[in-house]
1. Run the reach check for Lys240 against lysines, Cα to Cα strictly under 19 Å, same-chain hits fewer than 8 apart removed. What comes back?
2. Could you work out the local net charge near Val31, counting Lys and Arg as +1, Asp and Glu as -1, over the other residues with Cβ closer than 12 Å to its Cβ?
3. Based only on Cα atoms, what mean projected area does the convex hull of the range 180-256 have, in nm²?
4. Of all DSSP beta bridges in the range 131-256, what percent run antiparallel (nearest 5)?
5. With θ taken as phi - 60° and the coefficients 6.51, -1.76 and 1.60, list the Karplus ³J(HN,Hα) couplings across the range 88-98 in order, rounded to whole Hz; mark glycine and proline as x.
6. At 20 °C and 1.002 mPa s, grab the translational diffusion coefficient of the range 1-94 from Stokes-Einstein with a Kirkwood Rh over Cα pairs, rounded to a whole number in µm² per second.
7. Expressed in nm to one decimal, what extension gain is obtained for the pair Glu26 and Ser91 from 0.36 nm per residue of sequence separation less their Cα-Cα distance?
8. Sort all Cα-Cα distances of the range 87-141 into consecutive 5 angstrom bins from zero, then give the percent of pairs in each bin up to the one containing the longest distance.
Amino acid sequence: MEIIIQPTAEAATQAAARWFARVIRENPTAVLGLATGGTPLLLYRELVARQLDWSRLTTFNLDEYIGLSPQHPQSYHHFMRENLFRHVNISGPQVNLPDGLANAIPAECERYEDKIRAAGGIELQLLGIGTDGHIGFNEQTSSLASRTRIKTLTPRTRQDNARFFGSEAAVPQHVITMGIGTILEARHCVLLAFGANKARAVAGAVEGPVTAMNPASALQLHPRVTVYLDEAAAAELALKDYYRWVFEQKPAWQTV
Ligand code: PGA
């Protein structure tokens, strides 16, 4: 795992954006895994500003709320359209999110997995992390081998997301999310975390044991993970000086 600590969320986002831009330029038909929430907002703004060519990319989002239509202002379909897709040259069929209105949820989950596979798998998967260590909506005790499926959100996640819905009661209880096994098949995972409320989850994910109590810790089993942090999110890492030192010693050919 490569840990990149920057003074601010803006600086960490810039560093991540340089990587995304490079992948998009070097591989114009890449399959990208995308995320929602507060964390990737700045990254999407930065990528839009770079005026990259999205015309041949394919995207798969991690998750969607069950019961929200694509037009619902809190649906992830809406989030992605407003914050990224309507600002870049990507067309409908290349954009994939789970269908939160599907009648048969297991069939929809299987369809989503099949589609990722048919696209050749995900090249670069963007991830945020929940305060409890969830990635996608894989809550604590999710199987580390899980595939795309229905999950029931924890009260804590519903509390964390109440800020988007106005109240906790308005946050849906069920979601469709890629599984941890699905995420681990992406060829490169990039995790972004900003702010002091993520520090404990980040420390557990990077330095704790691999455990379903911190689903992001499963990333320790992945051969290629880059974690971009601001100082606040890095605060509880025991080896943060070592990660800084590694970053400073990077050979020129490894830098973006
Ligand atoms: P956030 O959510 O980016 O809104 O903090 C992260 C997550 O729940 O994965």
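Just so it is clear, none of the values below were taken in a lab; they were calculated from the coordinates. The structure displayed is predicted, hence computed values, not measured ones. Positions of Cβ are generated from backbone atoms using ideal geometry, with glycine treated the same way; all protein chains shown enter the neighbour counts.
1. List returned: Lys198, Lys250.
2. Cβ neighbours under 12 Å give a net charge of +2.
3. 5.5 nm²
4. 55 percent
5. 10, 8, 10, 10, x, x, 7, 9, 10, 9, x
6. The Stokes-Einstein estimate is 151 µm²/s.
7. Full-extension gain reported as 21.4 nm.
8. Going out from 0 Å in 5 Å bins, the range 87-141 shows 4, 13, 18, 22, 24, 14, 4, 1 percent.
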